[in-house]
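The values are calculated or read from the model by the stated rules, or taken from the named source; none is laboratory data. Fair warning: this is a prediction, and the values are worked out from it, not measured in the lab. Reconstructed Cβ throughout: ideal geometry from the backbone, glycine too, with neighbour counts over all protein chains shown.
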Amino acid sequence: MSIFEPGNIPRIFGYEDAADEDIIRLKQYFLKRSDYYTIKSDLPLSIVVGFKGVGKSALLKIAYEEDIEDNKPTLWIRPDDIIEMVEDLSKEKDFSRMVLLWKRGIAKLIASRIASNWMFVYGDEAKSALMWAQESGYRSRDFIQKIVSLLNPKFKSTIDLASEKIPHEQGEHHILQRLIDDKKIILYFDDLDAGWEATEIERKKLSALILALRNMTTDIPGFKARLALRTDVYTLLRESDESTDKFEQYVVNCNWKNHDILILLVKRVLTYFGDNVKDMDLEKKNQYELNDELSKIMDTRFTHTFAWKNKPTHKVIMSLIRSRPRDMIKLCSLAAKAAYDREENTDKIRDIDFEKILPEYSSNRLQDIVNEFKNEMVNLEALLYRMAPTRKEINEKQKDLYVYTTAELLKKIKNVQQNIKLELIYKREKNIPTEPSDIAHFLYKIGFITARKIINGKIERKYYDEKKQLLKSGQIGDGGYSWEIHPAYRSAISTSQKNSWMNTVKIED
């Protein structure tokens, strides 16, 4: 049986969504970086910011599961847990009132979850506790201690009896004891920006939530909160709401260098084969040594493709992913499936397998970016396809096709605007016209284009989270950078002959 049996591929490379991943396997290959240690610290509030697919959910899930193992009172909050609060907030226009409603709702939610998760009885005392939490408990410094007391006036005797007389499945009383003794509780919020729309009401609701959590974690000793937001969502909040300057100190940037993603890939492959690997040992290896480790599962150089012949496999992979671990999972998983489907089926991925799946990989990445950001710009999908090189560009720019100076980029966008309506939603709401420079900055922000500069003969590339102000109107302009459509999208938008786009991707050896 091939190791690339469809059901086995996720066991090797991982699942795209951390929610689908077995926690034991996730712990085997999880790479602990500075963002992990920050959210595991005693900081009262942490806002994990990063693009979709960089592993924000995995980061929160690991921290949450470790807290559970350590018997720390911990709650995982999903969007459906707060749906009623969100509906009430949609009817509210006053921002201060929104903050208040979030505080009341969160306090009530904590009381409800403590009662259902860790108590024996959900009776009249629970109703009283929920009412107190919602009406006044949210502003009490003794919130945690008081809520436990209200939930079960006899909690001490209850806990004393628990170990001998009460079945374990009726309540995790060791956690309840920690709650009473330590007076600490941690809330993890994930997927809060699912279905995000860049409207004023959506921005106000999220800003109000963060401000409510900031106030509560400051006012209530022992109360900590961790939440994750996409980079573009957080950036829009910062730009549109002056109160969000208070959040900056709590931001934890979840972004990846390609070298770290390569380490992560190697760690996944080695742990799948049962190797006991330490992060520090992998971090000491250079990229070519890491590439050699991939030989267990794939050829380490391209040998058959015309465009990338004799290039190291890890260089090709890193050129095609958008500094997102999820892209690595998708690319390698598709190639593994192609290897499995090959007639000469082997247990190694070859360059021909990567080449075969590139059109599908690219189309999926373009659809990803449309799904992720379509609620922020009118006609986004049409814009992206129209960013393909024109026939004139193909004839005139045979070198550095898909690369534009700032002037060329703005001219290209102006030409697109003549044929289709392009508007940023938040600007339309304020009756402010969307200029070509706004669209250029948006394309940079969503990762469709990256900044590029040649320094000492080598190409330096920058993503939005590394230099946010580039191309922003009234800011520092282009900083001497030109602009490059990311290779992940080139096959999807290419209108020229098959595979010619591959020649535009310079794989540096």
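The figures follow:
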quantity	calculated
Odd one out for Lys165 among (1) farther than 19 Å from Leu75 by Cα; (2) surrounded by fewer than 15 Cβ atoms within 10 Å (Cβ to Cβ); (3) modelled with pLDDT of 85 or more	(3)
Some residue of segment 195-212 being crowded, with 17+ Cβ neighbours inside 10 Å, under 22 Å from Gly105 (Cα atoms) and modelled with pLDDT under 85	yes
Matching residues, segment 237-265, being over 16 Å from the mean Cα position of the chain (by Cα), of a type in the set (A, V, I, L, M) and over 25 Å from Lys315 (Cα atoms)	Leu237
Lone qualifier among Lys412, Lys399 - being in the same structural domain as Ala492 (by TED's automatic domain parsing), at negative phi and part of a helix (DSSP H, G or I)	Lys412
Options Ile62, Ile77: the member that is within 29 Å of Ile24 (Cβ to Cβ), among the β-branched types (Val, Ile, Thr), in contact (Cβ under 8 Å) with a residue 60 or more places away in the chain and touching a Lys or Arg at 6+ places or on another chain (Cβ under 9 Å)	Ile77
Residue, surrounded by the most Cβ atoms within 10 Å (Cβ to Cβ), within segment 244-270, restricted to residues that are out of contact with any Asp or Glu (no Cβ under 7 Å at 6 or more places or on another chain) and free of Cβ contacts under 8 Å to residues at least 40 places away in the same chain	Thr244
Test result for Lys285, outside the structural domain of Tyr464 (by TED's automatic domain parsing), closer than 22 Å to Arg33 by Cβ and either surrounded by 19 or more Cβ atoms within 10 Å (Cβ to Cβ) or in contact with a helix residue (DSSP H, G or I) (Cβ under 6 Å, 6 or more places away or on another chain) (or both)	no
Hits in segment 344-395 - residues which are outside any helix (DSSP H, G or I) and among the small types (Gly, Ala, Ser)	Ala388
Elements of type helices (runs of 4 or more DSSP H) in segment 275-337, at least 2 residues being closer than 23 Å to Thr450 by Cα and hydrophobic (A, V, I, L, M, F, W, C)	313-320
Test: residue in segment 340-351 that is surrounded by 19 or more Cβ atoms within 10 Å (Cβ to Cβ), of a type outside the set (A, V, I, L, M, F, W, C), within 17 Å of the chain's Cα centre (by Cα) and at negative phi	no
Number of positions in segment 46-57 that are outside any loop (DSSP other than H, G, I, E, B) and buried (at least 22 other Cβ atoms within 10 Å of the Cβ)	5
Any hit, segment 357-379, residues being out of contact with any Ser or Thr (no Cβ under 7 Å at 6 or more places or on another chain), modelled with pLDDT of 95 or more and over 27 Å from Ile329 (Cα atoms)	yes
Hey, Leu26 at pLDDT 90 or above, over 15 Å from the mean Cα position of the chain (by Cα), in a helix (DSSP H, G or I) and within 29 Å of Ile446 (Cα to Cα) or not	yes
Members of segment 221-246 found to be hydrophobic (A, V, I, L, M, F, W, C) and closer than 15 Å to Gly50 by Cα, listed by number	Leu227, Ala228, Leu229, Val233, Leu236, Leu237
Test: residue in segment 112-119 that is closer than 19 Å to Thr74 by Cα, assigned to a loop (DSSP other than H, G, I, E, B) and either at pLDDT 70 or above or not assigned by TED's automatic domain parsing to the domain that holds Ile82 (or both)	no
Within segment 58-76, considering residues that are closer than 30 Å to Arg365 by Cβ and of a type in the set (A, V, I, L, M), the one surrounded by the fewest Cβ atoms within 10 Å (Cβ to Cβ)	Ile62
Failed condition for Ser41, given (1) closer than 30 Å to Val148 by Cβ; (2) touching a residue at least 12 places away in the same chain (Cβ under 8 Å)	(2)
Conditions (1) over 20 Å from the mean Cα position of the chain (by Cα); (2) surrounded by fewer than 16 Cβ atoms within 10 Å (Cβ to Cβ); (3) in a loop (DSSP other than H, G, I, E, B): number failed by Glu92	(2)
First in segment 98-121 and over 13 Å from Ala133 (Cα atoms) and β-branched (Val, Ile, Thr), second anywhere and at pLDDT 85 or above and in a helix (DSSP H, G or I), Cβ under 6 Å, 6 or more apart	Val99/Ala208; Val99/Leu211; Val99/Ala212
Meets criteria (within 21 Å of Glu466 (Cα to Cα) and crowded, with 16+ Cβ neighbours inside 10 Å) for Phe30	no
Near pairs, Cβ below 7 angstrom, 6+ apart or cross-chain, from segment 195-220 (within 18 Å of Leu424 (Cβ to Cβ)) to any residue that is at pLDDT 85 or above and hydroxyl-bearing (Ser, Thr, Tyr)	Ala198/Tyr426
Candidates Lys311, Lys392, Lys337 - the one that is at negative phi and without any contact (Cβ under 8 Å) to a residue 60 or more places away in the chain	Lys392
Among the residues listed as Ile454, Ile432, Ile439, Ile459, the single one being β-branched (Val, Ile, Thr) and in a loop (DSSP other than H, G, I, E, B)	Ile432
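For every residue, the table says whether it meets (1) surrounded by 14 or more Cβ atoms within 10 Å (Cβ to Cβ); (2) at pLDDT 85 or above; (3) assigned by TED's automatic domain parsing to the domain that holds Lys52.
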position: Gly457; (1), (2), (3): no, no, no
position: Glu460; (1), (2), (3): no, yes, no
position: Gln469; (1), (2), (3): no, no, no
position: His486; (1), (2), (3): yes, yes, no
position: Lys498; (1), (2), (3): no, no, no
